[in-house]
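First the structure, in the form of structure tokens, and then the observations on it.
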Amino acid sequence: MRTPRLALIGAISTAALFGQASPAPLPAKVFDPSAIDRTADPCKDFYQYACGSWLRNNPIPADQASWGRFSELAERNRIILRAILDAAAAAKNRDADTQKIGDYYSACLDENAIEAKGLKSLQSEFAKIDGMKTAQDLAPVLAHLHRLGINVLFNISSGQDFKDSTVVIAQADQGGLGLPEKDFYFRDDERSVATRKEYVAHLTRLLKLMGAPEAQAAKQADDVMKLETAMAKASMDVTSRRDPASVYHPMTLAKFEALSDSFAWSRYFADLQVPKIDNLNVVAPDFFKGQEELLKTEPLPVWKTYLKLHLVSSQSQLLPKAFDKEVFAFEGTFLTGTKEQKARWKRCVRATDGDLGEALGKAYVEKTFGADGKARTLEMVKKIEAAMGQDLTQLAWMTPETRKKAEEKLAAVTNKIGYPDKWRDYSALIVKPGDAMGNSLRANEFEFNRQLQKIGKPVDRNEWEMTPPTINAYYDPQMNNINFPAGILQPPFFSKTADDAENMGAIGAIIGHELTHGFDDQGRQFDAKGNLEDWWTESDTKAFQEKADCLVDEYSSFVVGGGVHLNGKLTLGENTADNGGVRLAYMALMNILAGRTLPPVDGFTQEQRFFLAFGQDWCENDTPEVEQLQAQTDPHAINHDRANGVVQNSPEFRKAFSCTVGQPMAPAKACRVW
Ligand SMILES: [Zn+2]
């Protein structure tokens with residue numbers, strides 16, 4: 001529940017967090033004239049015009065599924081992080097955080113030690129799984145695996161109560177699938193059928209690596225596929241999960257446990273070491289009813305195989321090469337079209353950021369992000385918030401009553417820029433030299449514990465859900481805040497030397513995007529305090545929905561790689577934010593200029609450069625596999641459509657590029673929510 005609740009600027013799973021090896025390229029320009037394809041017509045295909053030359057000159061590296069402007073920045077970030085980690089690994093007389101990141105990183109790099117340990121590093125976990133005698137024994141084993149961060153069967157976590165954002169409660173949710181999403185188990189097109197076949201073959205190969213004889217491995221893989229298919233059947237799909245009302249079912253612990261009363265809940269919760277729970281949010285009650293059926297029908301050996309496979313799969317990077325290669329062949333090559341596994345150091349930088357993000361982030365921020373960066377960003381945020389206030393007063397469809405509430409919500413938005421005021425305390429986490437698997441599992445357990453211990457405590461409004469080097473941003477509807485990690489506040493998204501037109505087009509549109517999330521189809525259901533509370537009049541709700549439906553239809557008409565259509569409902573929130581974000585950034589730019597005209601650059605006016613800088617945020621080459629995967633699982637439209645989908649609705653864009661109504665980027669019917 002934690003990640004899907006947030007409204008991010010970009011896809012996390014595939015959007016090129018890690019890229020090519022050194023040397024570090026020079027910082028990219030915010031507006032890059034050399035990226036433009038001047039043979040293209042901006043009124044016919046704006047994305048091709050803004051990015052065409054960049055796309056031609058930047059093929060996807062073999063170790064990537066996508067390569068875009070986010071990846072270029074990730075490239076530079078990664079090199080900075082590597083230098084920090086190398087120094088931390090070698091330093092003498094280290095402070096506690098430096099010891100942790102240094103030893104974590106070097107243990108992760110030590111492939112010889114990992115190879116030598118073999119599967120022994122998971123021996124005690126296997127022993128627990130193999131030791132189960134009855135279905136009742138599933139409870140303590142699941143508690144153990146959940147504490148280690150292994151996503152099996154269901155998830156327990158903590159989160160703010162939808163109806164009272166000051167309180168942290170427990171949450172129970174579906175989980176444990178090996179394919180990316182529910183529908184992957186049921187779609188009957190050619191690619192989906194092939195994916196399931198390949199998944200079973202992959203599980204078979206993994207089981208053989210784990211020591212199962214050939215014939216037995218195939219049968220076991222089939223059984224696990226049947227189990228996961230039944231779990232998927234009881235699961236909610238990714239589109240339904242976007243509706244807050246569909247994922248909010250508060251109930252007493254007793255009522256929750258009764259949904260699946262064959263499960264030994266009291267043993268489970270005792271072993272989980274969770275604070276006392278009276279009430280919790282059951283995100284997907286039907287899943288637990290489905291679980292009850294499975295507990296009664298699935299034989300224990302199938303559960304054992306399922307648990308072991310997921311444990312091995314999730315920790316494969318810290319197991320011998322054969323396991324790592326097998327998991328990459330399916331999850332990397334087959335699912336995303338990535339040809340080569342990333343260099344070890346890149347993956348270890350990522351793992352250290354994932355497990356010790358604020359210890360590494362502290363060193364990163366000292367090197368890269370000054371107080372001036374924070375002040376300038378905050379200034380832009382204030383201008384965009386002012387533009388939203390202005391926008392609210394001009395909306396013809398909104399009644400004064402709802403407008404007043406919207407203004408209250410806008411005024412209550414808080415901004416977090418760069419990095420946390422107070423860094424996370426990792427002192428309870430033990431990191432040992434030469435123990436890559438142990439470090440990873442202890443870090444998972446540390447994080448799991450940290451999340452669970454929040455239950456019943458006051459909400460920490462200073463906490464960050466992204467680490468400082470992350471090249472992304474998010475709006476959190478329950479906190480009613482926007483969050484910009486230091487990672488994204490750099491070229492090509494923001495530069496001290498770019499002018500206002502370019503910075504507003506690039507980072508301004510992203511700031512506007514996050515702010516608009518507070519008012520998209522999801523965000524609008526939460527009030528100024530972050531509570532799920534309907535503050536809209538009936539007529540305003542109706543007007544909003546009609547306007548949102550226009551975007552659903554527009555984006556559903558876009559076709560991506562493999563002939564798959566975008567899902568206009570799944571991407572509605574992000575598309576609303578993209579469209580609103582560009583409008584707000586443009587308004588803010590006009591307010592800043594107040595009638596002044598900036599000198600043209602390379603023959604492009606300030607308005608043209610605003611839109612080009614926006615379009616160039618999204619320059620990215622993707623494999624067809626990634627486009628299809630993203631279209632089926634990700635609430636963000638693919639980059640081509642994020643750029644073109646927005647300008648098609650923008651009268652300012654038409655004017656800037658002198659497009660005539662009826663051209664592809666200037667359709668007769670344009671959509672506008674905010
Ligand atoms: Zn977003």
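The values are calculated or read from the model by the stated rules, or taken from the named source; none is laboratory data. All values reported here derive from a predicted model rather than from experimental measurement. Neighbour counts are summed over all protein chains in view; Cβ atoms, including those assigned to glycine, are modelled from backbone coordinates with ideal geometry. When the accessible area is computed, the model is the full protein with side chains, heavy atoms only, and any ligands, DNA or RNA have been set aside. Shrake-Rupley method; radii C 1.70, N 1.55, O 1.52, S 1.80 Å.
When segment 520-534 is filtered for residues that are part of a loop (DSSP other than H, G, I, E, B), within 15 Å of the ligand (Cβ to nearest atom) and open to solvent by less than 20 Å² (accessible area, probe 1.4 Å), only Asp520 remains. In segment 497-519, of all residues being within 11 Å of the ligand (Cβ to nearest atom) and β-branched (Val, Ile, Thr), the one that is nearest to Phe544 (Cα to Cα) corresponds to Thr516. The condition (being within 16 Å of the ligand (Cβ to nearest atom), open to solvent by less than 40 Å² (accessible area, probe 1.4 Å), in contact (Cβ under 8 Å) with a residue 60 or more places away in the chain and touching a Ser or Thr at 6+ places or on another chain (Cβ under 9 Å)) is satisfied by just one residue among Asp622, Asp578, Asp617: Asp578. Of all the listed residues (Asn472, Asn480), the sole one being touching a Pro at 6+ places or on another chain (Cβ under 8 Å) and within 16 Å of the ligand (Cβ to nearest atom) is Asn472. The residues of segment 317-356 that are of a type in the set (Gly, Ala, Ser) and under 28 Å from Asn621 (Cα atoms), listed by number, are Ala329, Gly332, Gly337, Ala343, Ala351, Gly354. Leu452 meets all of the listed conditions (1) closer than 30 Å to Leu119 by Cβ; (2) open to solvent by 30 Å² or more (accessible area, probe 1.4 Å) but one, namely (2). Determine, yes or no, whether Asp63 is at pLDDT 95 or above, under 30 Å from Gly354 (Cα atoms) and more than 16 Å from the ligand (Cβ to nearest atom). Here the answer is yes, as Asp63 does meet what is asked.
For the condition closer than 23 Å to Leu119 by Cα and buried (at least 18 other Cβ atoms within 10 Å of the Cβ), Gly332 qualifies. When residues in segment 598-618 are screened for being under 21 Å from Met665 (Cβ atoms), more than 19 Å from the chain's Cα centre (by Cα) and among the hydrophobic types (A, V, I, L, M, F, W, C), 6 of them pass.
Return yes or no: is Gln99 over 16 Å from Gly357 (Cα atoms) and out of contact with any strand residue (DSSP E or B) (no Cβ under 7 Å at 6 or more places or on another chain)?
no
May I ask you to verify whether Phe610 is away from the ligand (no atom under 16 Å from the Cβ), under 25 Å from Tyr474 (Cα atoms), assigned to a helix (DSSP H, G or I) and open to solvent by less than 10 Å² (accessible area, probe 1.4 Å)? The answer is yes for Phe610. If you go through segment 418-436 and keep only what is among the hydrophobic types (A, V, I, L, M, F, W, C) and surrounded by 20 or more Cβ atoms within 10 Å (Cβ to Cβ), you end up with Leu429, Val431, Ala436.
Remark: pairs (first residue in segment 146-159, touching a residue at least 24 places away in the same chain (Cβ under 8 Å) and outside any loop (DSSP other than H, G, I, E, B); second residue open to solvent by 30 Å² or more (accessible area, probe 1.4 Å) and not hydrophobic (A, V, I, L, M, F, W, C); Cβ separation under 6 Å; 6+ apart in sequence or on different chains) = Arg147/Glu445; Ser158/Lys454.
Taking the conditions exactly as written (modelled with pLDDT of 95 or more and buried (at least 17 other Cβ atoms within 10 Å of the Cβ)), does Lys182 satisfy them or not?
Details: modelled with pLDDT of 95 or more: yes; buried (at least 17 other Cβ atoms within 10 Å of the Cβ): yes.
It is true that Lys182 is modelled with pLDDT of 95 or more and buried (at least 17 other Cβ atoms within 10 Å of the Cβ).
With respect to Glu465, is the statement that it is within 14 Å of the ligand (Cβ to nearest atom) and open to solvent by 30 Å² or more (accessible area, probe 1.4 Å) true? So Glu465 fits the description; yes.
The condition of being buried (at least 20 other Cβ atoms within 10 Å of the Cβ), modelled with pLDDT of 95 or more and not polar (S, T, N, Q) holds for only one of Met380, Met388, that being Met388. Assigned to a helix (DSSP H, G or I), buried (at least 20 other Cβ atoms within 10 Å of the Cβ) and at pLDDT 95 or above: is that true of Ile129 in this structure? Yes, satisfied. Within segment 438-455, residues that are of a type in the set (S, T, N, Q) reach partners that are not in a helix (DSSP H, G or I) with beta carbons closer than 6 Å, at six or more positions or on different chains, in the pairs Asn439/Val431; Asn444/Leu148; Asn444/Gly149; Gln451/Ser157; Gln451/Ser158. The residues listed here are Ala548, Ala588; of these, the one that is open to solvent by less than 20 Å² (accessible area, probe 1.4 Å), part of a helix (DSSP H, G or I), away from the ligand (no atom under 16 Å from the Cβ) and among the hydrophobic types (A, V, I, L, M, F, W, C) is Ala588.
Each row is one residue, and each column tells you yes or no for (1) outside any loop (DSSP other than H, G, I, E, B); (2) polar (S, T, N, Q).
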site: Pro61; (1), (2): no, no
site: Leu73; (1), (2): yes, no
site: Arg82; (1), (2): yes, no
site: Asn93; (1), (2): no, yes
site: Thr98; (1), (2): yes, yes
site: Asp103; (1), (2): yes, no
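Only a single criterion out of (1) among the acidic types (Asp, Glu); (2) assigned to a helix (DSSP H, G or I); (3) open to solvent by 30 Å² or more (accessible area, probe 1.4 Å) is not satisfied by Asp41, namely (2). Check whether at least one residue in segment 630-645 is within 16 Å of the ligand (Cβ to nearest atom), within 24 Å of the chain's Cα centre (by Cα), surrounded by fewer than 22 Cβ atoms within 10 Å (Cβ to Cβ) and under 30 Å from Glu408 (Cβ atoms), and report yes or no. Taking every residue of segment 630-645 in turn, none turns out to be within 16 Å of the ligand (Cβ to nearest atom), within 24 Å of the chain's Cα centre (by Cα), surrounded by fewer than 22 Cβ atoms within 10 Å (Cβ to Cβ) and under 30 Å from Glu408 (Cβ atoms).
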